[in-house]
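Read-outs throughout are calculated quantities, based only on the coordinates presented, and are distinct from any laboratory measurement. Please read these numbers as outputs of a predicted model, since none were measured by experiment. In this analysis, Cβ positions are derived from the backbone assuming ideal geometry, glycine residues included, and neighbour counts consider all displayed protein chains.
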Amino acid sequence: MTGQTPAGTDEAPAKKPHDDIAVITPDPALAAVERVADEAVEPVPSALQRLVRSSSIWTAGVLALFIIVFSILMPTSFASADNATTILSNASILLVLAVGMTFVIITSGIDLSVGAVLVLSAVVAGQQMAKVGESGTAVVVTALVVAVAVGLFVGAVNGVLVAYAKVPPLIVTLGMLGIALGTARILTKGIDVRTSAMENIDTPQGAVFGIRLIVLIALGVLIVGGVLLHLTRFGRYTYAIGSNAEAARRSGVNVQLHLVKIYALSGLLAGFAGFLSLAKFGTSGLSGHESDSLGAIAAVVLGGTSLFGGIGTIVGTLIGVFIPAILANGFVLLDIQAYWQQVAVGVVLVAAVWFDQYKRRSRNRS
Amino acid sequence: MKRRLAVAIGVPALLLAATACGAGESSSTADGKEKITLILGQAGEPFYISMDCGAKQAAKDLKVDLDTQGPTAFDATLQNPIIDTVVQKKPGAILIAPNDDKASVNPLKAAQDKGIKTILVDTIVGDESIGLSRISSDNEAGGVAAAQELAKQIGDKGSVLFIGTKPGVSSVDARQRGFEKEIKNHSGIKLLPAQFSNNELAKANQVVTDTLTANKDLAGIFAANLTTADGAAAGLKSTGKQGQVKIVGFDAGPQQVKQLTDGSVQALVVQKPYDMGYKGVEFALKAIKGETVEKQVATDFVVATKENVSTPEISKYLYKESC
């Protein structure tokens, strides 16, 4: 295809210096095909149109519906500021995991290891903390640095395996889940590490402007993640790789290195979540995080991020995290057995993805 | 398209409405019944199911509105969010088997600060100010009884192993204390370092097989709770050593009773969770009414062996899998 001007441009082929050489003109048949293709492309939708189309608007609608139904059923217990604090505080850790997961899924990858990395980071941080002292800033800083470092390292290993060894992300992160959780149990001989040095992260005493510290931290992570995803080149490359990795590579993006960074980011946030969990609960929670990875994936997908890559927003993830959080809270308040929550979240997840697929197909057909 | 949209939103909403039917909020004074919530240590474990049965019976007898919640694993990271949410319901009282003697303190403190009466059943927390009453087995005496039974079974010589769940679970810690104290009185018995199962079958199983490999003179094991005893007996069976190495377990769920009758386990120290649940609701109602309750109540236990397990005095204490 070299030597031909792109269809649709107004420039005439450049005048050749030697008139005895045949001038190349666009193939009329090809031009006709390209004209039809042009007409099929939709005009760029306005911001409002894009907002209405996006899946997260519908998820927000479902979320609003749940909130309304629960508030009507339980006006004093569900719809209270205190309960809102409870919901936010218990959703904070999942939110941090989901921010990292958003980036991964946008690249059409997946990270099943985040729950295990959380536990491993909490374990190592807890053990190192005990060596430094009982309480105080040095202890907290040690925990934070260690937890984040462990998460970053494991995430980077995931990324290298996905990007350079070309092992599918599902397999890499599934294997890493076993490795991380197993290592955590080896290090602790199967018994939780316990610490009480950082309690103010989730108490009224530690609150700033009346909001629990852990909630502010999680929202901070969300905002940083949002800026990174939507306003930086790093974010744009992420979308590009998810849309079409080969095209991104040809455009000069170092896809492999970027993927390593993406998984490292997911691991880093899982490590940070481990620090937060250790701070909030005072225990490493070896058996308490089995469903965290799937919970994060469900939250991200509910928020409108496509598992096939290239599409997703941080705001969507925020909305998506609230659906399981509100369901869990509302069901306990309504005295419904815990197991129904799992059913409900599963139903909502499948319905949301099916609905998203349906909209995509109908948009492509029109 | 609009129809499908309605279905996509309507289905989960209807599901929600269906499960919510009959539930919903009513203030305790509106229909006269006090509201009490029981938070189990772990949902689905026969010990806690029996406790729930006792509590439900008391709720029926005393005409209180009882509801039950419990985490899917014995882990404070799962139980604490449940406590936080139950507090929002503002029941008159919470009955709880806390998962961790330190980590469970903060949410329970928040509950007490809101005026919710808190009663601890089975496990306790380290903070003395939590819990108007603590109803549990005399776990230390249970450990002593287990040691005496095990010593008898192994002929007072050999090595013995204690397997607990995890440190920080008050009930199991007390059993360990009692066991180790009593074993010291038996000079022919050597006590191996304690091991833990994290309340997981697979881990208990593995602890047993590993210990057998490392200690050829292992004569007896005390597995200090239901899940641990279950896994330990399975571990013995898998190495073919059942009957040769004696096990005394704690708790008598259906699986353990089976192990008792088929000879994989020699004796079970049986608690009375049904009584704990029943008394818990009694005390909770009293506390709501402003009456004083006993600060500490110790329920006792019986020792079940293959010989006596089918007698009515013993069989009525065996744990249930449903009420």
Label-zone membership for segment A:60-104, site residue A:363, 7 angstrom Cα→C-beta point, backbone N under 20 Å: A:60-63, A:102-104
What's the exposure ranking of A:361, A:249, A:212, going from fewest to most Cβ atoms within 10 Å? A:361, A:249, A:212
Can you sort A:145, B:248 so the residue with the fewest Cβ neighbours within 10 Å comes first? A:145, B:248
Would you work out which of A:157, A:121, A:201 lies farthest towards the positive end of the dipole of segment A:93-352? Charges go on Cβ: Lys and Arg +1, Asp and Glu -1. A:157
What whole number of Å gives the distance from the Cα centroid of segment A:61-122 to the Cα centroid of segment A:318-351? 10 Å
Cα→Cβ-extended label distance, 7 Å offset, between residue A:65 and residue A:149, nm: 4.9 nm
Looking at segment A:105-198, which trypsin sites (Lys or Arg not before Pro) are in a loop (DSSP not H, G, I, E or B) and have at most 13 other Cβ atoms within 10 Å? A:166, A:189
Sorting B:183, B:129, B:172 by the position of each Cα along the dipole of segment B:122-198 (Lys, Arg +1; Asp, Glu -1; all at Cβ), the one nearest the positive end of that ordering is B:183
Please report, in debye to the nearest 20, how large the charge dipole of segment A:93-352 is about its Cα centre when each Lys and Arg carries +1 at its beta carbon and each Asp and Glu carries -1 there. 660 debye
Pair residue B:261, residue B:216: separation of 7 Å Cα→Cβ label points (nm): 3.8 nm
Report, in deg cm²/dmol and to the nearest 500, the calculated mean residue ellipticity at 222 nm for chain B, where each DSSP H run with n ≥ 4 adds -39500 (n - 2.57) and the sum is divided by the residue count. -14000 deg cm²/dmol
Name the longest site-free stretch of chain B, where the excluded sites are GluC sites (Glu not before Pro) in a DSSP loop with no more than 13 other beta-carbon atoms within 10 Å. B:129-290
Looking only at lysines whose Cα falls under 24 Å of residue A:359's and that sit 8 or more positions away or on another chain, we get B:2
Would you list A:230, A:289 from fewest to most Cβ contacts within 10 Å? A:230, A:289
Let me spell out the model: positive unit charges on the Cβ of Lys and Arg, negative unit charges on the Cβ of Asp and Glu, origin at the Cα centre of chain B. What dipole size does that give, in debye rounded to 20? 620 debye
In nm, to one decimal, how far is the modelled label at residue A:132 from the one at residue B:296, with both set 7 Å along Cα→Cβ? 3.8 nm
Can you tell me the dipole magnitude for the protein assembly as shown around its Cα centre, using point charges on the Cβ only (Lys, Arg +1; Asp, Glu -1), in Debye to the nearest 20? 620 debye
From the cross-link list B:157/B:181; B:102/B:152; A:280/B:114; A:189/A:280; B:109/B:181, the entries with a Cα-Cα span beyond 25 Å are B:102/B:152; B:109/B:181
Out of A:336, A:247, A:304 - ranked by how far each Cα lies towards the positive end of the dipole of segment A:93-352, with unit charges on the beta-carbon of charged residues - the top one is A:247
Number of partner chain Cβ atoms within 10 Å, mean per residue of B:196-203: 3
Beta bridges by DSSP in the protein assembly as shown, antiparallel share as percent, to the nearest 5: 15 percent
